[in-house]
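Notes to accompany the following structure.
The values are calculated or read from the model by the stated rules, or taken from the named source; none is laboratory data. Here the structure is a predicted model, which means the values were calculated and not measured. When we count neighbours, we look across all protein chains shown, and the Cβ atoms used for this are built from the backbone with ideal geometry, even at glycine.
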Amino acid sequence: MSGNNPDFDYLIIGHGIGGASIAWHLEKAGKTLKVAGDSSAPSSSHVAAGIFNPLTGKKLVKTWLADDLFPYADQFYSGLEEKFEAKFLHKTSVYRPYRSIEEQNTYLAQSAEPAISKYIGNGDDQTDVAGYVHMEHGGLEVVRAGWVDLPLLLSKSKNYLTRSGQYIEAVFNISETEISGSGVKWKGMYFGKIILCQGFEATNNFYFNWLPFTPVKGQILEIEAEQVSKPYIINQGIFVLPTTKGICKVGATYSWDPLDWETTAAASEELEDKVKSLLKVPFRIAGQAAGIRPSVKDRRPLIGIHPELSNVCIFNGLGTKGVTLAPFFANQFVEHLENGKELSPLVNIQRYFSLYFH
């Protein structure tokens with residue numbers, strides 16, 4: 001580093017979906033960067049099913065900012081597929097079996113609303129789906145949905161960044177950084193800014209541990225089921241996501257104590273019971289995984305610049321919808337950092353500055 005010129009523009013800590021999204025937007029903007037990742041550490045991005053669904057909840061509510069997030073995510077992931085020569089974006093419908101005639105009537109009435117109707121399909125394959133799913137009252141088809149194979153995407157991204165000399169395999173310790181007015185020093189390199197994309201680990205980071213994280217542990221199963229021939233995601237209380245022929249991911253549980261990465265028999269039994277009530281066909285449990293979602297009190301991402309350190313940034317709090325939130329807000333954050341464009345106050349950590357200065 002000579003004078004005030006850093007060796008690199010940015011140091012990105014973490015290579016989950018948040019860190020990867022930031023990295024690729026910065027590269028597109030022509031910035032120099034290093035991404036530090038620890039492949040030995042547990043990661044919620046590697047456990048997550050990667051589902052994107054525009055209509056969620058028992059009351060059939062449109063996902064926050066779906067009209068903006070989903071088209072942008074489609075463009076972002078399609079571009080990376082072309083760049084990496086890999087297929088990890090899978091567009092497919094979600095079938096929601098009605099629990100009762102009353103629910104059927106309610107959903108059909110809501111389906112006529114303009115904001116929701118464009119996400120409702122014709123249910124052309126409903127009869128086939130009913131062959132292996134309990135759908136005594138029928139079901140609602142939600143379109144413009146699907147899933148992203150996050151482990152494959154992150155593997156391809158890491159390989160690409162490694163070949164270009166941009167990826168560093170490292171166990172990051174925030175105390176090893178030297179922060180000054182001119183930049184950030186880490187491992188003998190100087191950076192203009194550091195962006196912390198650490199997921200749950202941010203709760204142990206003294207720069208941002210004052211933010212109101214409410215992390216949630218989730219567990220999923222991998223099952224091998226007979227006769228699940230359609231690629232559709234089934235969603236009724238839990239999701240059943242066919243990933244390859246005969247193999248499905250099932251989830252997810254929610255728990256807050258203890259917050260660890262260990263799988264439990266109780267979670268396995270809970271999910272197994274729910275699958276039995278949903279699927280008509282035999283299945284066996286083939287695997288189980290646990291992750292900790294970096295959720296936030298107000299269910300909005302935590303993005304922005306430290307209240308006192310202008311070169312220390314955070315991109316976190318993506319929760320259960322990171323697969324669509326990450327690309328859109330990575331673009332917005334890079335525009336904010338590089339071009340001074342306004343960052344949405346709904347995600348900007350400025351909304352919590354009173355907690356820091358309290």
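Residues that are under 24 Å from R299 (Cα atoms) and in contact with a Gly (Cβ under 9 Å, 6 or more places away or on another chain): list the strands (runs of 3 or more DSSP E) wholly contained in region 56-153 that include at least 1 such residues.
Working: elements: 89-91, 94-97, 139-142, 146-148.
Per the criteria, 94-97, 139-142, 146-148.
Taking region 343-357 as the search range and keeping residues that are hydrophobic (A, V, I, L, M, F, W, C) and not in a loop (DSSP other than H, G, I, E, B), which one is nearest to the chain's Cα centre (by Cα)? Walk me through it before giving the result.
Initial filter on region 343-357 (hydrophobic (A, V, I, L, M, F, W, C)): 343, 346-347, 349, 353, 355, 357.
Next, only the ones that are not in a loop (DSSP other than H, G, I, E, B) stay: 349, 353, 355, 357.
Numbers: I349: 19, F353: 25, L355: 26, F357: 30 Å.
My answer is I349.
Please pick out the residue among I101, I120 that is in contact with a His (Cβ under 8 Å, 6 or more places away or on another chain) and over 30 Å from V171 (Cα atoms).
Details: I120 fails: in contact with a His (Cβ under 8 Å, 6 or more places away or on another chain).
Exactly one of I101, I120 is in contact with a His (Cβ under 8 Å, 6 or more places away or on another chain) and over 30 Å from V171 (Cα atoms), namely I101.
Here is a list: I22, I12. Which entry is of a type in the set (V, I, T), not in a strand (DSSP E or B) and not assigned by TED's automatic domain parsing to the domain that holds A252? First the steps, then the outcome.
Numbers: I12 fails: not in a strand (DSSP E or B).
Answer to the selection: I22.
For (1) more than 27 Å from L221 (Cα to Cα); (2) surrounded by fewer than 15 Cβ atoms within 10 Å (Cβ to Cβ); (3) not assigned by TED's automatic domain parsing to the domain that holds E176, each residue gets a yes or a no:
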| residue | (1), (2), (3) |
| --- | --- |
| K249 | no, no, yes |
| T253 | no, no, yes |
| D260 | no, yes, yes |
| K276 | no, yes, yes |
| H306 | yes, no, no |
| N316 | no, no, no |
| T320 | no, no, no |
| N339 | yes, yes, no |
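Which condition number in (1) touching a Phe, Trp or Tyr at 6+ places or on another chain (Cβ under 7 Å); (2) without any contact (Cβ under 8 Å) to a residue 60 or more places away in the chain is the one that V281 fails?
(2)
Looking at region 135-153 only, could you name the residues that are crowded, with 22+ Cβ neighbours inside 10 Å and in contact with a His (Cβ under 7 Å, 6 or more places away or on another chain)?
G146, W147, L150
Assuming F84 fulfils every condition listed in (1) among the hydrophobic types (A, V, I, L, M, F, W, C); (2) in contact with a Lys or Arg (Cβ under 9 Å, 6 or more places away or on another chain); (3) surrounded by fewer than 16 Cβ atoms within 10 Å (Cβ to Cβ) apart from one, which condition is it?
(3)
If you check G183, G121, which single one turns out to be surrounded by 16 or more Cβ atoms within 10 Å (Cβ to Cβ), in the same structural domain as V228 (by TED's automatic domain parsing) and in contact with a strand residue (DSSP E or B) (Cβ under 9 Å, 6 or more places away or on another chain)?
Numbers: G183 fails: in the same structural domain as V228 (by TED's automatic domain parsing).
On inspection, the qualifying residue turns out to be G121.
One line per residue, one yes/no per condition, for (1) in contact with a Lys or Arg (Cβ under 9 Å, 6 or more places away or on another chain); (2) assigned by TED's automatic domain parsing to the domain that holds T244:
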position: F88; (1), (2): yes, no
position: P97; (1), (2): no, yes
position: I101; (1), (2): no, yes
position: P114; (1), (2): no, yes
position: D128; (1), (2): yes, yes
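Going through region 217-237 one residue at a time, which ones are modelled with pLDDT of 95 or more and of a type in the set (A, V, I, L, M, F, W, C)?
The answer is I220, L221, I223, I233, I234.
Would you please name the residue that is nearest to G291 (Cα to Cα), looking only at residues in region 1-42 that are in contact with a helix residue (DSSP H, G or I) (Cβ under 7 Å, 6 or more places away or on another chain) and of a type in the set (S, T, Y)?
S21
Quick one: which of A326, A286 is small (G, A, S) and surrounded by fewer than 20 Cβ atoms within 10 Å (Cβ to Cβ)? Outline the logic, then answer.
On the way: A326 fails: surrounded by fewer than 20 Cβ atoms within 10 Å (Cβ to Cβ).
Exactly one residue qualifies, and that residue is A286.
Within the bounds of region 253-276, is there any residue that is of a type in the set (G, A, S) and in contact (Cβ under 8 Å) with a residue 60 or more places away in the chain? Let's see the steps before the verdict.
The initial filter retains those residues of region 253-276 that are of a type in the set (G, A, S), namely 255, 265-268.
Now restrict to residues that are in contact (Cβ under 8 Å) with a residue 60 or more places away in the chain: none.
Taking every residue of region 253-276 in turn, none turns out to be of a type in the set (G, A, S) and in contact (Cβ under 8 Å) with a residue 60 or more places away in the chain.
Output the residue which, of all residues in region 204-217 that are farther than 23 Å from H25 by Cβ and touching a residue at least 40 places away in the same chain (Cβ under 8 Å), is farthest from the chain's Cα centre (by Cα).
W210
Restricting the search to region 176-203, which residues are part of a helix (DSSP H, G or I) and more than 25 Å from F329 (Cα to Cα)? It would help to see each step written out before you state the result.
Here is the first cut: in region 176-203, the ones part of a helix (DSSP H, G or I) are 176, 199-203.
Result: E176, single match.
Of everything in region 162-175, what is closer than 15 Å to F8 by Cα and not in a strand (DSSP E or B)? Give them in sequence order.
Let us first name the residues in region 162-175 that are closer than 15 Å to F8 by Cα, namely 164-168.
Within region 162-175, S164, G165, Q166 meet the criteria.
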